Amino acid sequence: MEEVLREEEEESLEQYRKRVSAALNPNDAGEDEDGKRYSTADKTNDTNGSLLLMAEAVMIMSKDNILASKLGHQGRVRMHWVLQASAATCIFVGFLIIVVNKNINNKNHFQSWHAIIGLVFLIFVGITSSGGVITLFAFRLKHYVKPAKMKLLHNLVGIVTFAIGVVTEILGIYTLWFPKRASLSAQVICTVFVVLGGIFALESAVKSAYVRFKNLRQGI
Ligand code: HEM
């Protein structure tokens, strides 16, 4: 009796997971063994490691960062752009590998929300990184754009970019690829960790954007 109940419980959990995945991957539907429709996972997993790199690159700018406690502002900026450039390179290479792999296997592109928002993330990474280069040379370009304005703009767009990366990561956890390899509780735990990590990483960036905005308004 107990075994039957456990089997029923497992089955309804499995169906719940498939429903969540189907909702998040609307165009990537297939059929399972019972003929019910479900979504196949998109394996655009390139955000995983590079988002961690990006989080550290954002946090390195904070005065409370232990790893950069001995660095001055210039040292932090250098670490920031080296880490961000590495993260951006990983994301672009990962994206290329996925596109080529899908082409080889004759699979459709951008069929899940994870893949679509992942593409938006990739575009934002390109825009933010280009803005970062302008921010790096802001003083030399001061005749064209006020350095304080450029820093605030890069800071704000950087926050949005990182947040999109976090959303992409969470959507990745809810593709069918993930629950095929882990339990529902692992899915929930990973989501909580990614959300908390995202908030923690952005805390100092949001504070410095606020200070930059206040200083600009007061003409400092
Ligand atoms: C997607 C990639 C990037 C993101 C998400 C990003 C995000 C940010 C954020 C949030 C800050 C403000 C941090 C704070 O003050 O607490 C910042 C500062 C800065 N970033 Fe980036 N960044 C990226 C790429 C780059 C690149 C590629 C460069 C240069 C080549 C760069 C150059 C800078 C500079 C120079 C500052 C500091 C400005 C200052 O206060 O002097 N960033 N970035």
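We did not get these values from a lab; they are worked out from the coordinates using the rules stated. Owing to the predicted nature of the structure, the values given are computational and were not obtained by experimental measurement. We place every Cβ from the backbone using ideal geometry, glycine too, and count neighbours over all the protein chains shown.
Computed from the C-beta positions of Lys146 and Val100, the FRET efficiency with R₀ = 41 Å rounds to 0.45. Using a ≥ b ≥ c from the Cα gyration tensor of region 62-133 (square roots of the eigenvalues), is it rounded, prolate or oblate, where a/c under 1.5 gives rounded and otherwise the larger of a/b and b/c decides, a/b for prolate? Note, shape of region 62-133 comes out prolate.
What is region 73-220 by shape, rounded, prolate or oblate, if you read a ≥ b ≥ c off the alpha carbon gyration tensor as root eigenvalues and call it rounded for a/c under 1.5, prolate for a/b larger than b/c, and oblate otherwise? It comes out prolate by the Cα gyration axes.
Fewest-first ordering of Met79, Met54 by other beta carbons within 10 Å of each residue's beta carbon gives Met79, Met54. Projected onto their three principal axes, the Cα atoms of region 109-173 cover extents of 45, 19, 12 Å, largest first. Restricting region 174-220 to chymotrypsin sites (Phe, Trp or Tyr not before Pro) that sit in a DSSP loop and have at most 12 other Cβ atoms within 10 Å of their own Cβ leaves nothing. Legend: residue pairs Lys107/Lys180; Lys70/Lys149; Lys142/Lys207, Cα-Cα distance threshold 22 Å; pairs beyond threshold, Lys70/Lys149; Lys142/Lys207.
Between Val195 and Arg76, the simple label model (points 7 Å from Cα in the Cβ direction) yields a spacing of 2.9 nm. The trypsin sites (Lys or Arg not before Pro) of region 101-197 that DSSP puts in a loop, and whose beta carbon has at most 12 other beta carbons within 10 Å, are Arg140, Lys142, Lys180, Arg181. All alpha carbon pair distances within region 140-195 were sorted into 10 Å bins beginning at 0; the resulting P(r) in whole percents reads 21, 31, 18, 15, 11, 3.
3J(HN,Hα) couplings calculated from phi for region 83-89 with the Karplus curve 6.51 cos²θ - 1.76 cosθ + 1.60 (θ = phi - 60°) are, in sequence order, 5, 5, 5, 5, 4, 4, 4 Hz; Gly and Pro show x.
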